Amino acid sequence: MQDFKKEEQERILKQREVMPVIVGYNKEANEKAYEIAKEHRLPYVLGIAPQTIVEEGLDKLEMWKEEISEAKPFAIGEIGLDYKWGKTEEQRKAERQAFEEQMELAEKLRLPIVIHCRQCCDEVVEVIKEFAFKGRVMMHSFSCKVKHAHALLDFNPLFSLNTWKSKEKKALIKAFPIEYLAVETDSPYIARTPLAVKSVIEEIAELKAMPKEDVEARTAENVATFLGIEKRLGRVWEEYGIKWE
């Protein structure tokens, strides 16, 4: 949300069709996410993404973690590994260290984590399992295989699906009950607007032979439970016409 141009950002924040979750990935993005979320009563997720570690290194990680902790996010993320950005052994080692340190932070704050994973599905699963993370895991823009999803079942996961179509995504939708699914756009990068999330809902509804309204309600409920939204913001999703029993 913080990466939209001001005009588009204001338009999105005024609409009441889709409730955004504001997600950070570096110091500046975290600060903007926090400001937007506080002003508009929205949930926010803060973390240091692996591509940020490749660009800026580990020197400021301790300070960034302190800032994240003080901001009291709903989850820690995006965190994880990105082997498109991290090409050298040194870069990948730094990504892993930042990933593990932020899992420690999430455990300390008793928060779930939101995972960024690109071109390293085996490695992400390995790190989470070796660390033995004591909390819930959401795989952001899930692009791994069904076997990787199964490998994470001990962490009561959510698999968040974006607007891209792929055989892996289709297989996951067919293999897992709706209780494991969430929807997103990762806009403005993958989709141009959060409203494009409707196409993901339609895809899930078609593959699962479910009414679109049920998919919308169940995936929204999954995310609300994962982030503990009601405890902090009340039933804010009802302002967007989203309801479930």
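Taking the Cβ of residue 153 as the centre, find all other residues whose Cβ is under 13 Å away and add up their charges (Lys, Arg: +1; Asp, Glu: -1). Value of the local net charge: +1. Mean projected area of the Cα convex hull of the chain, taken over all directions, amounts to 12.2 nm². Per-residue Cβ neighbour counts within 10 Å put 131, 4, 142 in the sequence 131, 4, 142, beginning with the fewest.
With n ≥ 4 as the cut-off for DSSP H runs, can you work out [θ] at 222 nm for the chain, using -39500 (n - 2.57) per run divided by the number of residues, rounded to the nearest 500?
Numbers: 11 runs with 121 residues, N = 245.
Dividing the helical sum by the residues of the chain leaves -15000 deg cm²/dmol.
For the range 6-240, DSSP calls about 0 percent of its internal beta bridges antiparallel.
Quick one: grab the alpha carbon gyration tensor of the range 112-167, order the square roots of its eigenvalues as a ≥ b ≥ c, and give me rounded if a/c is under 1.5, else prolate or oblate depending on whether a/b is larger than b/c.
Working: a/c = 1.86, a/b = 1.52, b/c = 1.22.
Verdict is prolate for the range 112-167.
Near residue 4, once Lys and Arg are set to +1 and Asp and Glu to -1 for all other residues with Cβ below 12 Å from its Cβ, the sum equals +1.
Each principal axis of the range 116-217 carries a Cα extent, and these read 38, 28, 24 Å when sorted largest first. Within the listed set 82, 59, 122, the residue fluctuating most in the Gaussian network model of the chain (springs between alpha-carbon atoms under 10 angstrom) is 59. Spin-label pair residue 190-residue 39: with each label point 7 Å from Cα along the Cα-Cβ axis, the two points sit 2.7 nm from one another. With 0.36 nm allotted per residue and the present C-alpha distance subtracted, the residue 110-residue 167 stretch has 17.1 nm of extension available.
Computed from the coordinates by the stated procedures, all read-outs in this text should not be read as laboratory data. Keep in mind that what you see is a predicted model, and the values were worked out from it rather than measured. No Cβ is skipped: glycine too gets one built from the backbone with ideal geometry, and neighbour counts run over all protein chains shown.
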